[in-house]
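Working notes, beginning with the structure itself.
The values are calculated or read from the model by the stated rules, or taken from the named source; none is laboratory data. Bear in mind that the values here come from a model prediction, so they are computed numbers and not experimental data. Cβ atoms come from the backbone with ideal geometry, glycine included; neighbour counts cover every protein chain shown. For the accessible areas, the whole protein counts, side chains as well, though only heavy atoms, and no ligand, DNA or RNA atoms are used. Shrake-Rupley method; radii C 1.70, N 1.55, O 1.52, S 1.80 Å.
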Amino acid sequence: LLDHPYRPLRLEAELALAARGTQAIGRLREAAGEARTLFGRLHAIWGLGILGREHRRARQALLPFLEDAEAEVRAQAARVLGDCREAAAAPVLRRLLRDPEPRVRFFSAIALGRIADPEAERPLLDLARENGGRDPFLRHAAVMGLQGCAERGGWIGRTAGDRREVRIVGVLVLRRWRDPRLAFFLEDEDAFVAAEAARAIYDLPVWEALPALARRLATPQGAKEPLLRRAVGAADLQGDAEAAELLAAFAADAEAPPRWRREALEILASWERPSDFDRILNTWVPWRGTRRLEDAARALEPRILALLAGANVPEEIQAAAAGAAAALGLRVAGPRLAERALDPAAGFRVRSAALAALLDLGDPALPSALSAALAAPEARLRAEAVRLLPRAAPDQALEVLGRSLHDGSLPERQAAVRVLASLGREEADRLLRDWLVSLPEGGLPRGLVLELLEARERRREVLAADPPFAEVLEQRAAEVAPGPWDFALEGGDAARGRRVFFEKQETECLRCHVVPGRGPAEGEAAPAIGPDLRGLASRRRPEEILRSIVDPNAEITEGFEQVILVTHGERIFAGRILEETPERILLLTPEGQGESVVELDPADIAERAEAVSAMPQNMSELLSHEELRDLLAWLRTLKDESPGGD
């Protein structure tokens, strides 16, 4: 029965023979050498492996099969003897590291690690060196083998000066040992090796090496993004005066990537009250130490004016610097913030952040800056001034809010409705009610529906006591947005929506979709889990785009239907079919942070079923209503079919 074509029956036969104990060793040894099929031989070897955990005679029966003519027999014998920790197999296993078959080398390397053979270190390093990174499975096998048998003392010296692949293996072995000496490789001349060391230190984490990783911020040139983002995160976890100084110096380094400079400034801004969630991995890591606000303020103060200089400083850095100055109480930045707020050449992000910072600092220049913003030609800046007005000049607020409701641009009206709903004052409620009553039927801009719905939630008690107010609010919203999601069709901010698409971790839109500026070159294939979004707004109406987000199964784009395939061996694959012929099926499946193409034999498919869309079914729960509206606003800008642009 070990040769039977039905796998469950072969397995039952193997287990039944192994259950007979030592009396079955001879019969299993014979079957391992003489069974009619390869499957029969392998099941006999596995049966001997079960017995070999307790009986040395079974392990000895396996030794000859390490030199069998059949490669898979050699591979499985090596695997089983490694699982049994049979030291007598080590000399042959070391020779098998040069076997012509990769699977034999793979299982032999892992077996040597399980046996902890002290003489296997050099052959395993030779395996890694000869592999040269071409086969990731063999790299993994070398790492697993070295983890179990390498001598820890002097490990850095034996790998640091070697080829790139050996240094990578050296880092991965140190990672499995959780060894603080990983810090040595942070300065490796190869950026990939240094990044692997950073991943090991931060992601595990190796706490003793975190300060060394944070100090890597002092020399960011040539470093890969995975290293820099973890160096920033390490300084955040370290949370002392040295870490604050490193972050401030990094933020001021014009050669460093702007995204991570901004991240450093945001960490300094929240220095005293950091999030309980890791900024890089999004895991729960509550801070257990005491951070001093003066450490962050002292580190940033000498650099804040340069960060707000305007010339050659990216807008996102200036905006983040303004927020950090306000959070840390850096009054020395007041005059420079006033300059940025009043500068008509500065972008919206800079001017709005400078306005908010002036307000938080109580700077005397705030009134003039606020007046300039209220009269600015850019509607978004006027809206920001309207939002800040009740805190900055409460006596003038209602008059300005009233004008904004009646005559302002859509962003100003949105800000006015939100501010009025949040004031909690009778005069504000009356102003909002009178404005709604004055609107003609269907006269409410659809871009204000979300603000009205939010106002309803905020002022629920007032609306309960004033049925006419509640009725007119519901009536106006339903006139222009009768559907449950119609509030998102207009009124969003495309700039904020772009950040949702690229940066929101919960949705990971970029993982599955190609967009302008983030896709293959023209003429290249673009295998993606989700449809290519380049030119989306030219092909789809806003209502269709919105429906695809909130109800992805309503209509799945042709060619992106998902299937579930179950093999006769009960392996399950899910994904999108790239190619299907009588000879093969190519299936694109999500894997890790990217995607993987799996080739299957159609004859091996036992079951096939249609799957739901790969789009998250709860996207409307992962996004706030405002994020949904902003995301749609950005998707509506994707009219360019070309791969270039952003």
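Note on the stretch 358-414: with charges restricted to the Cβ of Lys and Arg (+1) and Asp and Glu (-1), its dipole about the Cα centre is near 160 debye. The phi torsions of the stretch 355-368, fed into the Karplus equation with coefficients 6.51, -1.76 and 1.60 and a -60° offset, translate into couplings of 4, 4, 5, 4, 5, 5, 7, x, 6, x, 7, 4, x, 5 Hz, rounded to whole numbers, with Gly and Pro shown as x. Normalised by 2.2 N^0.38 Å, where N counts its residues, the alpha-carbon radius of gyration of the stretch 294-424 equals 1.06. For the stretch 357-431, rounded, prolate or oblate, judged on the Cα gyration tensor with a ≥ b ≥ c (square roots of eigenvalues), a/c < 1.5 rounded, else prolate if a/b > b/c? Oblate shape, in that a/c is at least 1.5 and b/c is the bigger or equal ratio.
Answer rounded, prolate or oblate for the stretch 85-162, using the Cα gyration tensor with square roots of eigenvalues a ≥ b ≥ c: rounded when a/c is under 1.5, else prolate when a/b is larger than b/c, else oblate.
Details: a/c = 1.88, a/b = 1.10, b/c = 1.72.
It comes out oblate by the Cα gyration axes.
Here the chain is assigned +1 on the Cβ of each Lys and Arg and -1 on the Cβ of each Asp and Glu. Its dipole about the Cα centre then comes out at about 1960 debye.
Thinking of the stretch 8-143 as a set of Cα atoms, what percent of all their pairs are more than 19 Å apart? Please report the intermediate quantities before stating the final value.
Values: 4313 of 9180 pairs.
Taking all Cα-Cα pairs of the stretch 8-143, the fraction more than 19 Å apart is 47 percent.
Mean residue ellipticity at 222 nm, helices only, the chain: -17000 deg cm²/dmol; runs of at least 4 DSSP H residues each add -39,500 (n - 2.57), and the sum is divided by the number of residues. Stretching residue 190 away from residue 472 to a fully extended chain increases their span by 94.9 nm, per 0.36 nm per residue minus the current alpha-carbon distance. Most tightly packed first, judged by the mean number of other beta-carbon atoms within 10 Å of their residues, the peptides 493-500, 30-37 read 493-500, 30-37.
Helix 467-480 and the longest principal axis of the Cα set of the chain meet at an angle near 60°. Taking all Cα-Cα distances within the stretch 443-523, those exceeding 18 Å account for 59%.
How large a share of the accessible area of the chain, in percent, is made up of carbon and sulfur atoms when the probe is 1.4 Å and the other protein chains stay in place?
On the way: 15230 of 30880 Å².
Percent of accessible area from carbon and sulfur atoms in the chain: 49.
Taking the average, over residues, of other Cβ atoms within 10 Å as the packing measure, peptides 596-606, 194-204, 235-245, 316-326 rank 316-326, 194-204, 235-245, 596-606 from highest down. Working from label points 7 Å from Cα in the Cα-to-Cβ sense, the residue 70 to residue 343 distance is 7.6 nm.
Using the Kirkwood formula on the Cα atoms of the chain, what hydrodynamic radius do you get, in angstrom to one decimal? For the chain, the Kirkwood estimate is 29.9 Å. Take every Cα pair under 8 Å whose residues are at least 6 apart in sequence, average their separation, divide by the length of the chain, and the relative contact order is 6 percent. Would you work out the relative contact order for the stretch 30-120, in percent, from Cα pairs under 8 angstrom that are 6 or more residues apart? The normalised contact order for the stretch 30-120 reaches 23 percent.
Probing with 1.4 Å while keeping every protein chain in the model, the per residue accessible area of the chain equals 48 Å². Whole-Hz Karplus values for the stretch 224-231 come out as 7, 4, x, 6, 5, 5, 6, 5 Hz, taken residue by residue from phi with 6.51 cos²θ - 1.76 cosθ + 1.60 and θ = phi - 60°; glycine and proline positions read x. With N counted as the residues of the stretch 151-241, its alpha-carbon radius of gyration over 2.2 N^0.38 Å works out to 1.00.
For Cα pairs less than 8 Å apart in space and 6+ apart in sequence, what is the mean separation divided by the residue count of the stretch 356-474, i.e. the relative contact order in percent? Each step should come with its number before you reach the end.
Working: 100 pairs, mean separation 22.3, N = 119.
Relative contact order for the stretch 356-474 comes out at 19 percent.
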